[in-house]
Every structure is written in C-alpha cells, then in structure tokens.
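Written below as structure tokens is the structure these notes are about.
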Amino acid sequence: MRLWTKQRFGYIAAATALLLLAATGGHAQTVSFAPSATSIDHRYEGGFPFIVGGGVAAFDCDGDGLPELVFAGGAATAALYRNVSKPGGELAFRLAPAAALALTEIVGAYPADFDGDGHTDLALLRVGENVLLRGRGDCGFERANAQWGFTGGTAWSTGFTATWERGAPWPTIAIANYIDRVRPDSTEGACHNNMLMRPKADGRGFAAPLALSPGHCALSILFSDWNASGAADLRISNDRQYYRDGEEQLWRIRPGALPRRYSRGEGWQRLNIWGMGIASRDITGDGRPEYFLTSMADNKLRTLAADAGSAPTFADIALARGATAHRPTSGPDQARPSTGWHSAFADVNNDGHDDIFIVKGNVAAMADFATHDPNVLLLGTADGRFTDTALDADVASPHSGRGGAVVDLNGDGRLDIVVVNRQAPVEIWRNTGPAGNWLSVALRQDGGNRDAIGAWIEVEVGKSRHTREVTIGGGHASGVSAPQHFGLGDVAEARVRVRWPGSDVWGDWHRVDANRRVTMVRPPR
C-alpha cells in the first residue's frame, strides 16, 4: 500500500497507506448557509416531459480536488460549470464549453468511472436516447455509446444506478424509465419497462439490455446491499400517479443469474407511494443501510424489521424519528401536503449525526398540494430524531425544486448545497458553519472499479461507529462522485477501515487525525 500526501491539490509520493488534506475544524451544534452569488445562470426548462428530472452531477473532472457541476437542461441545453473557487473561500464557477454536452432533453446526470481509466465518465438520462460520455481528462468528454455497446433506447428515462458484480471489470447498470408517452392514458398501464445492462463476457462495454418487467413508472433506482451480505440488489421507487396495480420493487441481482423480483414469500411487502427519490445511510448503527424515500405528502424512512432475519422485510420509522416532512413548516401553504424530490443524507454541521436534505416543489400547479413548498433540512440529533431547520439555515427556497447535491464545493470540510429548480435559476448555498471536525475518505483500487463502488467504510469516533456503503445512484436524477464525508463532532482523531468490494472481511484499522482528506488504497490481491 502507498500513502499520498496532498499539498493544496497536488500529490507528493510518500510511504504508507493514506492520503491527507489538512484543513480547519471546530465543534458546533448549529448550521448556517449563505446564498452564493456565483456566476451560474442555468434553468431546467420545458413542459410535460420535464415536470420530473432536473438533475445535477457533481464530480472533479480537472483534478484540482474541487467538484465541477453538470446541470440537466430539459428543453434547454445541458451545461458544465468548472469550479474555480478558492480553497476554503467564496464559491465561483465558470461556464465551460463542452460539445459532447450540447444536448437538449436531458433529465438527469450521474458521474462514475465506468471504464476504469481514472477519468470520471457521465451517464446522461434523456427523454429519448440516453448517452454515456467518456471522460478524457481536464473536463473533456466524448460520446461512447457505440464504442461501449451501450443501447440508449427511446424511453423517458428518469433514474440511474451501477454496481460491479463480483469478478466483473465493467459495471452492471440499471436505468429507470417513466411514462410511455405513446399511451400515457392506457388502462393497460402507462409505464415503460426498466432496463438492466451487464458487461460483455468477452471484453469492454455492455451486452444487450435485459428488460425489468413490469415497470411501474420509476423515478429513482439504486443498487444497494440492503442486508450487508456482500451483494447489491436493485431497489426501485415508483410513482403511483401513473402505474396500474404497481408497487415499490426490490430485484435480486446475482452474477450469472437472471434478475428476479423478491416475492411476498421471501418477505418483501407491498408499498405504494408517489416515489420520487432514494437516499441510503446507516443511521441506526446496525451496519445496514436505511432508505429515505421521498414522496408526495408522506416521505418514508425504511429500516429492516427487527424480526426480518435474512428476509427483505422493512418497517417504517419516519414518524417515530420526525422525518415525515409531509407539510411545509413555513410559508402560506402549511395546511397542504408537500412534494419531495431529491434527498440526501449528509452531516452538514459535522456534529457526528447524519442530517437529511430534501428538495421540495409542486409538480406543476397541483392545487391540492403546497405551491409554496420550501426545501427541508432535517438536522439529526443524539436521540436519533430529526428537526427541520431549513428556514433558520436560509435554504428554504420557495422555488419548485427537483434535483440537488450536498457536497463540499470549496474544500473547507463543510458540505454545501446545490438545488436545480424547474423554470427558475439554480441555487447554491455555501456552508458558513460553524462546524465540528470532519474526515473525508476516498477509496482507490486496481482494476475496473477504481472507486471501489460497493465497498463499506467504517469510521470509529470515540465510542461511536459509522458504517457507510459506497453507491452510485438514488437521489432524483442527480449523482455525486466525491470522497465520503464524515462529521466527527469535537473528536480530534478517528479510526478507519474498509471492506472492499468482493471481500467478506474487513481490512485493518488506521488511525487518522480529524480535518483531513484520506484516500485508502486497496492492498494487492
């Protein structure tokens, strides 16, 4: 194993197993944000096909350690903004020409290194043909559909996720599809099938797609190891506004076997929601992820039932934890139900307790739902409950939000917020703290899955232990490729270990000082 020490944003070789970036720290129980007057001037536009979507991809494509932003445009053109912020300073972005991104009808964007060449690639979801872009370095991209054997299809695509099945050098990807625009009012069902694409057996790229049928108008999709068994299954969240006799779905995905849905006999229970987005995080401390499912009127927080055993039987704890976020907590429409879209778990005040950020917004002048429907920031507390502080934190925007990202944009160890609004400008809030100590953990390994998607990270802070699954997907039309961020509170050091993809055992513990960026490198196998 090797250690790389990061001075500013350049690498200097050294002789151990971690990569460190020092920054400032301090402890606090509150959070504050400041609207950022950046140079971003972008809107998600369009009529009916763009009532959903409106995603953003956050990832570092020029190697300076700060994430760039790619915005879906809907009826307008997508846009790439390079991050030119001063480390630790004000946020600043510059619109960058990118011919491969000069596309309309883009609903969402997800970043990942699909081909393992060290450059982040992009999956662009569209109303029509989806597009994979190969990253070429220095924020350059080229269309890769033909080169990689990727079938873009003609559907209305709204969700993306990827995993590396055991032993595979290329990812297995799944694409969620929405309404069949040819027959949107059909009594036989109005939803496209979803698609699964596995890697070719004889080399680079993807084999012919498999239909995941029936589709129930999915708006979010996520590969996740729900029982920490070492194998990811496929969770799909569906919009019951359109499907007929549908429900939420969990598909069993195993190498060499056809995908199949988990059945009632296996413990999967029927759940019907207006499913918009999926966020995952272990917040109960049992080493397995919980799932926050955004919806209209009533968001869900699902955890494995106490008596589930090895079955995928989930219970809802949103009400008990104060996380339903079912009505606005400010503004003139507090008596009406609200609509959740993108959500993310994130410790925005670095106090060691995960928070939940939810992007809100009326679908399209639906009179029975809140029109003034501000975003929600649920701060986690020591007793496991959540409290909405969006108004006090100044992130309760009244615009009709859709996609979003919670990510450190200026390298100061505090997570900032990006929201894409429908038919209104993008909004960015800089986290101005004060904030507690933090730790940022990136993973690297040889082979195709360079970023170790499917790995598990454990961070031990005093007597507490935080367990994190590394995934691609979920959210609503939005993805982040960045180091995993952990809040440490007032603790000055932590211990970190990793269970790498395809391994059934945890690696060694490494002691690390707080307020640093750490890259764990997988030992040779």
Per the Kirkwood treatment, what hydrodynamic radius in Å, one decimal, follows for region 347-478 from the mean inverse distance over all distinct Cα pairs? 16.7 Å
Roughly speaking, what is the stretch gain from Ser464 to Trp506, that is 0.36 nm per residue apart minus the C-alpha to C-alpha distance, in nm to one decimal? 13.4 nm
Would you work out which of Thr371, Trp341, Tyr110 lies farthest towards the positive end of the dipole of the chain? Charges go on Cβ: Lys and Arg +1, Asp and Glu -1. Tyr110
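Any idea how many Lys pairs in the chain come in under 30 angstrom at the alpha carbon, given 8 or more places apart or on separate chains?
Working: Lys6/Lys86; Lys6/Lys463; Lys300/Lys360; Lys300/Lys463.
Close lysine pairs under the 30 Å cut-off: 4.
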Estimated FRET transfer efficiency (Ala201, Ala228; beta-carbon r; R0 25 Å; 0.05): 0.30
For region 173-254, the Cα-Cα pair-distance distribution in 5 Å bins from 0, as whole percents, is 3, 16, 23, 20, 17, 12, 6, 3, 1
If you bin the C-alpha pair distances of region 256-406 every 5 Å from 0, what whole percents do you get? 2, 10, 18, 22, 18, 13, 9, 6, 3, 1, 0
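When ligands, DNA and RNA are left out and all protein chains stay put, how many square angstrom of accessible area per residue does the chain have with a 1.4 Å probe? The partial results should precede the final answer.
Details: 19080 Å² over 525 residues.
Heavy-atom SASA per residue in the chain reads 36 Å².
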Taking only the alpha carbons of region 161-299, what extent do you get along each of the three principal axes, in Å, biggest first? 42, 41, 26
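Can you put Glu90, Glu142, Glu68 in order of accessible area, largest first, using a 1.4 Å probe?
On the way: Glu90 125, Glu142 60, Glu68 0 Å².
Largest accessible area first, the list is Glu90, Glu142, Glu68.
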Rounded to the nearest 20 debye, what is the charge dipole size of the chain about its Cα centre when +1 sits on each Lys and Arg Cβ and -1 on each Asp and Glu Cβ? 900 debye
Built amide H within the under 5 Å cut-off of Gly277, gap 5+: Thr294
How large is ³J(HN,Hα), in whole Hz, for each residue of region 476-486 in order, when computed from phi with the Karplus curve 6.51 cos²θ - 1.76 cosθ + 1.60 and θ = phi - 60°, using x for Gly and Pro? 10, 6, 9, x, 10, 10, 7, x, 6, 9, 10
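Rounded to two decimals, what is Rg over Rh for region 46-193 when you use alpha-carbon atoms and the Kirkwood radius? Intermediate results must be reported in sequence, preceding the final value.
Numbers: Rg = 16.3 Å, Rh = 16.2 Å.
So for region 46-193, dividing Rg by the Kirkwood Rh gives 1.01.
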Keeping all protein chains in the complex and leaving out DNA, RNA and ligands, what accessible area do you get for Ile283 with a 1.4 Å probe, in Å² to the nearest 10? 40 Å²
Provide the per-residue ³J(HN,Hα) series for region 262-279, in order, calculated from phi with Karplus coefficients 6.51, -1.76, 1.60 and θ = phi - 60°, each as a whole number of Hz, with x at glycine and proline positions. 5, 9, 4, x, 8, x, 6, 10, 5, 9, 10, 9, 7, x, 10, x, 10, 10
Express in nm, to one decimal, how much length is gained between Glu129 and Ala335 on full extension, taking 0.36 nm for each residue of separation and deducting their alpha carbon distance. 70.1 nm
Share of Cα-Cα pairs in region 404-525 beyond 25 Å, in percent? 30 percent
Counting only helical runs of four or more DSSP H residues, what would the 222 nm mean residue ellipticity of the chain come to if each run contributes -39,500 (n - 2.57) and the total is spread over all its residues? -500 deg cm²/dmol
Residue among Leu222, Asn272, Leu319 farthest towards the positive dipole end of the chain, charges placed on Cβ: Leu222
Can you give the FRET efficiency to the nearest 0.05 for Arg260 and Ser310, using r as the Cβ-Cβ distance and R₀ = 25 Å? 0.95
Loop-located GluC sites (Glu not before Pro) in region 211-292, at most 10 other Cβ atoms within 10 Å (DSSP): none
As I understand it, the dipole of the chain uses +1 on the Cβ of Lys and Arg and -1 on the Cβ of Asp and Glu, about the Cα centre. Which of Leu293, Gly384, Val418 lies farthest toward its positive end? Leu293
Long-range tail of P(r) for the chain (Cα pairs > 41 Å, %): 11 percent
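The values are calculated or read from the model by the stated rules, or taken from the named source; none is laboratory data. All values derive from a computational prediction rather than experimental measurement. Please note: Cβ atoms are built from the backbone with ideal geometry, for glycine as well, and neighbour counts cover all protein chains shown. Protein only, heavy atoms only, side chains kept; ligands, DNA and RNA dropped before computing areas. Shrake-Rupley method; radii C 1.70, N 1.55, O 1.52, S 1.80 Å.
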